[in-house]
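The values are calculated or read from the model by the stated rules, or taken from the named source; none is laboratory data. None of these values were measured; they are calculated from a predicted model. Cβ atoms come from the backbone with ideal geometry, glycine included; neighbour counts cover every protein chain shown. Accessible surface is based on the protein model in full, side chains and every heavy atom, while ligands, DNA and RNA are left aside. Shrake-Rupley method; radii C 1.70, N 1.55, O 1.52, S 1.80 Å.
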Amino acid sequence: MRNKGRQVNPRGHAEGGSRPVSRHCLAMELLSILGGLVFSLWIPGLAAQVPVNSGLPHRMFVSPDRTFRFTYPGSLVLCRMNSQNQSCVTYIPICDDTAAACVAYRPGEYDGYNFEGAAFSVNELRQSNTESNCLKAMNSTARTELINGVEFRSSKQTSAAMGHGLSESAYRTFHHGACYELDIRIATSNMGAHAPGTIKEFKSEDERTVQAFLGRALSSFKFLK
């Protein structure tokens, strides 16, 4: 944003006149300029690409309708709808095609393991249009957790299909007439499907490491309205 007012010299006087400019006025002008710069970072479509802090390898995702935001480590992959990025695609999906946002873990150190992929995602469950419908799907072991002041019902479950497995931690809340589910999903293949000695096992401690890493995005989630 360009300041179209008169230029101010170092002594605090406006050029072209002798009237002094108060420190209060200068402060207000600076706040106005900074406010314009901050607002420009919230433009839908650009928000997901803006580093939270130039000195830290994290990025911020802001939903196009500015309903929510979260930060995530820069090493994670932002998955688009129908993405063909290898980090985003697993036999049992770690990202739903309808997800409002999804960031996936790069295999990296787990190349050569039975690890297939993992992701944190935000989903709006439009079919659950009441709070009771939204929360009743949580299993009997669900508990209440706070994420930035908002109550979520959380539960963990596992599933399997055709030699592939999925561990899922789900967090649901009903917010302003909509049901939201935050998910951390970790996908693996069955060790029995591989010839002995050809692959390493992705163990429970490895799962906890990946879960904690994706948990950074989960713990930063915040509704904006």
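Here are some notes:
- Scanning segment 143-192 for residues that are over 26 Å from residue 131 (Cβ atoms), in contact with an Asp or Glu (Cβ under 8 Å, 6 or more places away or on another chain) and either β-branched (Val, Ile, Thr) or assigned to a strand (DSSP E or B) (or both) yields 158, 164, 167, 186, 187, 188, 189.
- Test: residue in segment 162-174 that is more than 20 Å from residue 103 (Cα to Cα), in contact with a Ser or Thr (Cβ under 8 Å, 6 or more places away or on another chain) and open to solvent by less than 50 Å² (accessible area, probe 1.4 Å): yes
- Scan of segment 66-106 for residues that are modelled with pLDDT of 95 or more and acidic (Asp, Glu), ordered by number: none
- Taking each residue of segment 150-165 that is within 21 Å of residue 181 (Cα to Cα) and looking for partners that are of a type in the set (A, V, I, L, M, F, W, C) and loosely packed, with under 14 Cβ neighbours inside 10 Å with beta-carbon atoms closer than 9 Å, six or more apart or interchain, yields 152/146.
- Within segment 87-111, residues that are part of a loop (DSSP other than H, G, I, E, B) reach partners that are of a type in the set (S, T, N, Q) and open to solvent by 50 Å² or more (accessible area, probe 1.4 Å) with beta carbons closer than 7 Å, at six or more positions or on different chains, in the pairs 92/159; 97/82; 106/75.
- Condition met for residue 149 (open to solvent by 30 Å² or more (accessible area, probe 1.4 Å) and at pLDDT 95 or above): yes
- Entry remark, segment 185-210: residues being in contact with a Ser or Thr (Cβ under 8 Å, 6 or more places away or on another chain) and open to solvent by 40 Å² or more (accessible area, probe 1.4 Å) number 1 in total.
- Checked against the criterion of being under 22 Å from residue 73 (Cα atoms), in contact with a helix residue (DSSP H, G or I) (Cβ under 7 Å, 6 or more places away or on another chain) and open to solvent by less than 30 Å² (accessible area, probe 1.4 Å), the candidates 214, 218, 182 yield just one match: 182.
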